[in-house]
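What follows is calculated from the coordinates using simple rules that are stated; it is not laboratory data. From a predicted model like this one, the values you see are computed outputs, not experimental measurements. Neighbour counts run over all protein chains shown; Cβ positions are idealised from the backbone, glycine included.
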Amino acid sequence: MDLYEYQGKQFFASYGIPVSPGEAVTTVDDAVAAAEKIGYPVVVKAQVQVGGRGKAGGIKLAHDASEVATHAGNILGMDIKGHTVEIVWVELASDIAEEYYASFTLDRSAKQHLGMLSAQGGVEIEAVAETDPDAIAKIWIDPVEGLTDAAARAWVAAAHLNPAATEGTVDILGKLYRAYTEGDADLAEINPLILKPTGEVHALDAKVTLDDNSVFRHPEYAPYEATQVRDDREQAAHDKGLQYVGLDGFVGVIANGAGLAMSTVDIVNQAGGKPANFLDIGGGANADVMAGALEVITNDPNVRSIFINIFGGITKGDEVAKGIITAMGRVKITVPIVLRLDGTNADEGRALLEPHLSDMLQLKPTMVEAAEAVVAAAGAGK
Ligand code: GDP
Ligand code: MN
């Protein structure tokens, strides 16, 4: 789950990383009240989970209440790259001497944590990577060893920051690493990390992605969960406990297992179709789960056909078949379904389905044939 900047800053602050005092608000009046409390000048910042807010006009400096009212009024409701601003963060403005970049993320292929630090902050790191890759100092960290103070110092030296920033940056990187690892983050990024004219180092922005699978051991993440934005389809799927990601095509996809679901999305594309979603029903192909999955998919008006791709392992084919038959009785389905059923007890499952087969429920022997049939049933394909 991605955090808003203000949540990222709360997260950072809980690990002792210096951030500016501020308040998240949803109305102009509350923005002014917050600024009056914080003291001027303040920065009014749009809270959307997308970068480049500054360029889009979503970050404004305000010196008094009337400027706060003007800026908050303009920013609330603003559209930034397709995201409507519903929250603004009002924080005490900082004087900036220099802007740096710092982040930790996981390098999956190296099986290590990757830290990136650059004296060229404030701009997107992808741009720096393209124009001046040597300006990014990288460090790979063995998760068992962790980030030692000596390694952090050598890393900071390699990034050629202003020497005045060394101590503050070493301190923040240690805390950021702790936040990233103990907080179960997939990404913890500060851009810009600023050096103030007074010599202090400070996080001016926060981009944090937390591992959704760790939420169970972080009850403190409940407020972050509560503000997650999902489209209607994703919300309905989430409420049913389904692993669903909305896409913009027209072939509904149901598969058991994330790997098979991804392959199904791929093969629909290959057959000339466009998947409407990714949906992994996991091991639970029973009637309840199947009915829930079909409900979510048929509620999507773009769906013109549905591909159910099941490979039985622990999940038995005959149980899957019963689940589908029961679910079809419960959910009104108006688009054709194409099914591929293989693996454990597939023959028993196919036999159960036999009397129910029609143009509206087709059974194909292979994944490729099923993909072609489901795309054709949607009126597309080669
Ligand atoms: P982003 O554009 O979405 O990444 O938003 P940031 O929070 O990174 O802000 C973008 C830029 O606005 C920063 O790089 C700064 O140059 C500027 N900015 C943000 N907050 C302040 C502040 O308190 N003081 C000053 N002087 N500039 C700020
Ligand atoms: Mn930024």
Where Lys and Arg each count +1 and Asp and Glu each count -1, what net charge lies around L193 among other residues with Cβ under 10 Å from its Cβ?
-4
When Lys and Arg each count +1 and Asp and Glu each count -1, what net charge do the other residues less than 13 Å away from S94, Cβ to Cβ, add up to?
-3
Would you mind counting up the charge near E5? Only other residues with Cβ under 9 Å from its Cβ, with Lys and Arg at +1 and Asp and Glu at -1.
+3
Amide H of G121: which non-local residues (sequence gap of 5 or more, or other chain) have their own amide H closer than 5 Å, using H built in the peptide plane?
E99, Y100, Y101
How far, in nm, would the chain grow between K240 and N74 when pulled straight, counting 0.36 nm per residue and subtracting the alpha carbon separation?
56.0 nm
Expected max-MSF residue from V144, V25, V245 in the GNM of the chain (alpha carbon, under 10 Å) is V144
Below 8 Å between Cα atoms, with a sequence gap of 6+, how large is the relative contact order for the chain in percent?
12 percent
Can you give me the angle between helix 367-377 and the longest principal axis of the chain, using Cα atoms only, in degrees from 0 to 90, rounded to the nearest 10?
90 degrees
Let me know the charge dipole size of the chain about its Cα centre in debye, to the nearest 20, where only the beta-carbon of Lys, Arg (+1) and Asp, Glu (-1) is charged.
840 debye
Compute the long axis of helix 258-270 from its Cα atoms, compare it with the longest principal axis of the Cα atoms of the chain, and write down the angle in degrees, 0 to 90, nearest 10.
80 degrees
